[in-house]
1. Kirkwood Rh over alpha-carbon pairs of the protein assembly as shown, then Stokes-Einstein at 10 °C and 1.306 mPa s: what D in µm² s⁻¹, rounded to an integer?
2. Would you give the gap between the C-alpha center of the range A:66-94 and the C-alpha center of the range B:66-126, rounded to a whole Å?
3. Which of the listed residues, A:Thr244, A:Trp199, A:Ser233, is farthest toward the dipole's positive end in the range A:194-281, when Lys, Arg count +1 and Asp, Glu count -1 at the beta-carbon?
4. Can you run the Rg to Rh ratio on the range B:133-199? Use alpha carbon positions and the Kirkwood inverse-distance Rh.
5. Please give me, ordered by residue number, the chymotrypsin sites (Phe, Trp or Tyr not before Pro) of the range A:130-225 that lie in loop per DSSP and have at most 15 other Cβ atoms within 10 Å.
6. Once the range A:231-270 is represented by equal point scatterers at the alpha-carbon sites, with solvent omitted, what log10 I(q)/I(0) does the Debye formula produce at q = 0.19, 0.23, 0.29 Å⁻¹?
7. Tally Lys and Arg at +1 and Asp and Glu at -1 over the other residues with C-beta under 15 Å from the C-beta of B:Ser40: what net charge comes out?
8. In whole Å and largest first, what semi-axes does the C-alpha gyration tensor of the range B:86-150 yield when each eigenvalue is scaled by 5 and square-rooted?
Amino acid sequence: MYATDYLRPSAAEGPTEPAVTDKRTRSRKPQRLSDAVLPALGAVLAIALWWLATEALDIEPFFLPAPPDVVDAFLRLPGYLLNETLVTLLETLAGFGIATVGGLVMAVLLAASRTIERMTMPLIAGINAVPKVALAPLLLVWIGFGTQPKIVMVVLLCFFPIMVSTMAGLSSTPADLGELAHSLSASWWQTFAKVRLPWALPQVFVGLKVATSLAIIGAIIGEVIQPDRGLGSVVVSSGQSADTPLAFAALTLLAVMGAALFYLVAAVERVLVPWARAVSA
Amino acid sequence: MIKIAGLSQTFKARTGAVEALRNINLEIDNGEFLAVIGRSGCGKSTLLRLIAGLIRPTTGNLLVGGEEVTGPRRDVAMVFQRPALLPWRTVLDNVLLPIEIFRQKRSVHRDRAIHLLEMTGLEGFAKRLPHELSGGMQQRVSLCRALIQQPKVMLMDEPFSALDALTREELAFELQRIHMELATTVVFVTHSIQEAVLLADRVAVLSARPGRLRRIVDVDIPRPRSFGHNAHLEHVAACSAELHQLLLSSEEAPQTSSTDLPAGRLRRPRPGTKVHR
């Protein structure tokens, strides 16, 4: 910002575009192109390498299916795979949604009251340290079969990262903004809603992005331990029938789902918090 | 407008008590521009924060507009060293922030906000975000934000010290124009003698910690003052010399008045320099 001061005429000469925005608008078209092309290129290269490996090392499809085998598995059972994908997706989204709401509310509560924070934080940190895989059989006992235990597993995995990063964001309000609010005699609520919460949003989104991958992991843990529906169950059952290409097809769908969810959250962030990228280096 | 009597401030730090200010007695008239100058750590920012009501005094009386200071007030506006703009709000929304916090109607004050932006040379920037502005422009927005409250008193804590030298001069000049137009009472903390002499009616010099009021120097140079031609340079030089003497000499050295300066510098008292002891 300061470096471009002497590039810019004084404000008295009229509003001009700062040099920084100029560069961004000029190169937006080719950048959009490379945004789409480069990831696609990366994926294609990875698949090509995989195919080459299976051909060159003459690996059996039972161990590592070549890309054509996986595509074949897709085409064999498209309806089945898509149905199971939908089941996993719904579990993931439901659990993610609950964890987001719960994590945000809890973070606000803990940020507001030091007493509540001191009372509950050690408890939450302890519960989070328990490996969720170990809890999965217990969920079977408590909740039974079906999608509920999977959703609970997702919530258990996502809750803590979302809550902790939100708390970190809320407690990182810069001193000068806090002093400004104080000098305007803003109430606690006004300071929170107008200053602390918007400032915390970038950190909140860090937690949300971390939680997207954890959400899918949670759904799959639940499904693998209790296979009935969903892509995790597909992986388990195809293992039992030695149909490795089908398992790989399921895994590919999971990877795509994970990436899509991550980029969805990133897109929401760009809409809700457009200023964050500009403020940081 | 502002009456300070027997003001002292002691902070409790980890290593013990720190006496920041000792026995400050000062009266600031309505519409006066008072500069507070001193070395780092002499308590000038503490003094400002006490007047603003951000901290409570350990001892002493503090009256603004006849009322005792118990906390931040709507008729006292503060401008900080850093602009402290909310990065997610446009320039116009930042200027209107006090209006929102005071729960007044935006529509009523919107025109005045735009007028203030025009007055500080920011017309056309109302819809921009702070990160698209230079440091000097951000500080101007911060100034507009302080002025939207139509404050009786403006407290400015080294507002230009984070900016480059040319922008400082530009903004100091603008501040003078605004002060002449609005006649607000201003308490301006700075460590720049040049700014103090350009802007102030009187300059209060604080000694090193614990900050005590060492001297108040009158600056009788007629307004509008400038850095260029017709700058009353003799008067400016005399005031600057006096302030330099006060700030850069040690406290134990005998205090020389302007009549006692060694030969080769000023030989006789310059007109327009009055000294209060």
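1. Approximately 55 µm²/s, per Stokes-Einstein.
2. Cα centroid to Cα centroid, the span is 56 Å.
3. Farthest towards the positive end: A:Trp199.
4. Radius of gyration over Kirkwood radius for the range B:133-199 works out to 0.92.
5. Taking the range A:130-225 and a limit of 15 other Cβ atoms within 10 Å, the loop chymotrypsin sites (Phe, Trp or Tyr not before Pro) found are A:Phe145.
6. Listed by q, the Debye log ratios stand at -0.55, -0.66, -0.84.
7. +1
8. 18, 12, 10
Bear in mind these aren't lab numbers, they're just calculated from the coordinates by the rules spelled out. Not measured: the values here are computed from a predicted model. Every residue, glycine among them, receives a Cβ derived from its backbone with ideal geometry; neighbour counts consider all protein chains shown.
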